[in-house]
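Chemist: First the structure, which I've put down as structure tokens, then a few questions once you've had a look.
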Ligand code: ADP
Ligand code: 5GP
């Protein structure tokens, strides 16, 4: 049977652990295709161009927009972030499940363009844990941390637009939960109409005694 790829959007407040979760998921299950975004934000220590992000200048990013090479983009805390079109379309054509780890505005644009996309929101167990993970990461100044927490308040108003939530308490459990969630989507009737049709026809043939 022809297995169609699922487009999965994963969002969540800054510092909730989306990046960590997606890294573990793709390491454990090699068949997920994790899209690498373009951004104008500066690389954090340890980040490499082409691995975490494609790091771009504002001019380069605006060129990508102009050439329609992003399927969505948004401004987040003063920087552009966007999803390169080619990779997502190629991987989907090959039937792979593609994961976009993007923020709320981008997620809504994806839902508009791809109504069958699965939207998942990663939640912290509580607000205190979120703040201490964000600070504990040690990659942002206090000013940026405050801007990101303010953005989290805005994003929290959009959670109902998502299909499912995952509470990222124990990392291992969260990885398995995300995997099961994506995997279960393959069994939706609406994604298997060709197979349903085929079985219907076969049963008809049998019922006629052929
Ligand atoms: P995001 O990508 O959502 O901004 P990160 O993946 O960078 O968040 O995680 C923020 C911090 O929280 C990191 O220091 C990471 O190691 C830690 N972290 C992520 N998930 C968990 C978890 N389930 N339990 C404890 N710490 C976590
Ligand atoms: P960070 O700077 O912490 O890596 O990412 C900041 C925010 O930008 C996160 O919410 C992340 O999910 C989001 N983001 C990363 N890539 C993209 C993208 O391609 N498009 C959109 N809309 N958001 C993105």
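Chemist: Per the helix-only calculation at 222 nm, which mean residue ellipticity applies to the chain, given -39500 (n - 2.57) for every DSSP H run of n ≥ 4 and division by its residues, nearest 500 deg cm²/dmol?
Modeler: One gets -14000 deg cm²/dmol as the mean residue ellipticity at 222 nm.
Chemist: Using Cα atoms only, what is the angle between the long axis of helix 171-185 and the major principal axis of the chain, expressed in degrees (0 to 90) to the nearest 10?
Modeler: 40 degrees
Chemist: Once you put a point 7 Å from the Cα of residue 31 and another 7 Å from the Cα of residue 141, both along the Cβ direction, what distance in nm separates them?
Modeler: Modelled inter-label distance: 4.7 nm.
Chemist: Rounded to whole Å, give me the distance from the Cα center of segment 163-210 to that of segment 18-46.
Modeler: Each part reduced to its Cα centre gives a spacing of 26 Å.
Chemist: Using Cα springs under 10 Å in a Gaussian network model of the chain, which residue among 55, 13, 195 shows the largest mean-square fluctuation?
Modeler: Among 55, 13, 195, the largest mean-square fluctuation in the Gaussian network model of the chain belongs to 195.
Chemist: Please list 165-175, 199-209, 133-143 highest first by mean number of surrounding beta-carbon atoms within 10 Å per residue.
Modeler: 165-175, 133-143, 199-209
Chemist: On to the next question. Which one of 74, 131, 150 has the biggest mean-square fluctuation once the chain is modelled by GNM with Cα springs under 10 Å?
Modeler: 150
Chemist: On to the next question. In degrees, nearest 10, range 0 to 90: what is the angle between the Cα axis of helix 104-113 and the longest Cα principal axis of the chain?
Modeler: 30 degrees
Chemist: Quick one: length gained pulling residue 57 to residue 191 fully straight, 0.36 nm per residue minus the C-alpha distance?
Modeler: 44.3 nm
Chemist: So, one more: With the chain treated as a Gaussian network of Cα nodes joined by springs under 10 Å, which of 19, 30, 95 yields the largest mean-square fluctuation?
Modeler: 30
Chemist: Ok, one more. What spacing in nm lies between the two simple spin-label points modelled at residue 171 and residue 183, each 7 Å away from Cα in the Cβ direction?
Modeler: Those two pseudo-labels are separated by 2.1 nm.
Chemist: Same structure again: If we restrict to alpha carbons, what Rg and Dmax does segment 1-95 come to, in Å?
Modeler: Cα-based Rg and Dmax for segment 1-95 come out at 14.2, 46 Å.
Coordinate-derived values only; no laboratory data. Computed from a prediction, not measured in an experiment: that's the story for all the values here. As a convention, Cβ positions derive from the backbone with ideal geometry for all residues, glycine included, and neighbour counts pool all protein chains shown.
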